[in-house]
Amino acid sequence: MEDESWLCYVWWSNVLIIKMMVFTWCTGRLRVSRKVIHSEADRMFIKEPGVILDPTGGGHPDIDRIRAAHRSDVETVLPFLLMGLIWLETSPSVDLVKLVIRSFSLARIFHGLFYMDVIPVHQLVKVFTSLFSYLVAAYVALSCLVHYA
């Protein structure tokens with residue numbers, strides 16, 4: 001494995017993990033601002049009247065949206081990061097590593113921003129960014145399967 005490939009993987013992995021951590025923090029901020037809690041223990045964070053208790057975790061469209069975006073990252077980013085480590089051991093070219101990792105990472109970043117309506121776009125754009133990242137992850141997985149078959 002070349003150092004430049006490893007550095008690209010490490011840098012973008014950290015970007016994606018920080019993005020997921022920011023989504024977690026944003027979910028908490030939205031819960032407080034929308035007065036929606038998911039357990040009685042969280043009532044201590046909101047002293048005002050009108051608190052909504054929703055044990056299922058949602059309770060407000062904004063919270064549902066950010067939770068869905070975060071869940072999508074958990075289902076896509078974490079497997080990609082694990083597969084990426086295996087893929088790097090197959091010795092792909094540095095240019096291919098940069099293209100694959102950067103394109104996946106940017107697709108996931110934009111998907112999160114689109115999904116949360118930070119950048120309002122048509123639904124098809126949201127679907128495209130999600131599908132694109134899945135296809136990139138599938139390419140990495142299939143490359144590993146073919147290499148180690």
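The values are calculated or read from the model by the stated rules, or taken from the named source; none is laboratory data. Just so you know, these numbers come straight off a predicted model, no measurement behind them. In this analysis, Cβ positions are derived from the backbone assuming ideal geometry, glycine residues included, and neighbour counts consider all displayed protein chains. Note: accessible area is taken over every heavy atom of the protein model, side chains too, but ligands, DNA and RNA are not part of it. Shrake-Rupley method; radii C 1.70, N 1.55, O 1.52, S 1.80 Å.
Just checking, which of PHE110, PHE80 is under 15 Å from LYS19 (Cβ atoms), of a type in the set (Phe, Trp, Tyr) and open to solvent by less than 70 Å² (accessible area, probe 1.4 Å)?
After applying the criteria, what remains is PHE80.
Please state which of the following conditions LEU99 fails to meet, knowing it meets all the rest: (1) more than 10 Å from the chain's Cα centre (by Cα); (2) open to solvent by less than 40 Å² (accessible area, probe 1.4 Å).
(2)
Could you count how many residues in region 28-50 are over 19 Å from ILE66 (Cα atoms) and surrounded by 15 or more Cβ atoms within 10 Å (Cβ to Cβ)?
1
Which one is most open to solvent (accessible area, probe 1.4 Å) among residues in region 2-27 that are among the aromatic types (Phe, Trp, Tyr) and touching a helix residue (DSSP H, G or I) at 6+ places or on another chain (Cβ under 8 Å)?
Here the answer is TRP6.
What about LEU142, is it without any contact (Cβ under 8 Å) to a residue 24 or more places away in the chain, open to solvent by 90 Å² or more (accessible area, probe 1.4 Å) and farther than 22 Å from TRP25 by Cβ?
In short, yes.
Consider only pairs whose beta carbons are under 6 Å apart and that are at least six residues apart or on different chains; among these, list those whose first residue lies in region 49-74 and is without any contact (Cβ under 8 Å) to a residue 12 or more places away in the chain and whose second residue is assigned to a loop (DSSP other than H, G, I, E, B).
Listed by first residue and then by second, the contacts come to ASP64/GLY58.
Within region 122-133, take every residue that is part of a helix (DSSP H, G or I) and open to solvent by 100 Å² or more (accessible area, probe 1.4 Å) and give me the one that is nearest to SER103 (Cα to Cα).
Taking region 122-133 as the starting set, the residues that turn out to be part of a helix (DSSP H, G or I) are 123-133.
Now narrow it down to the ones that are open to solvent by 100 Å² or more (accessible area, probe 1.4 Å): 123-124, 128.
Values: GLN123: 20, LEU124: 18, PHE128: 13 Å.
Restricting to residues being part of a helix (DSSP H, G or I) and open to solvent by 100 Å² or more (accessible area, probe 1.4 Å), the top hit is PHE128.
When residues of region 75-121 are filtered for being in a loop (DSSP other than H, G, I, E, B) and out of contact with any Leu (no Cβ under 6 Å at 6 or more places or on another chain), how many remain?
Going through region 75-121 one residue at a time, the tally reaches 10.
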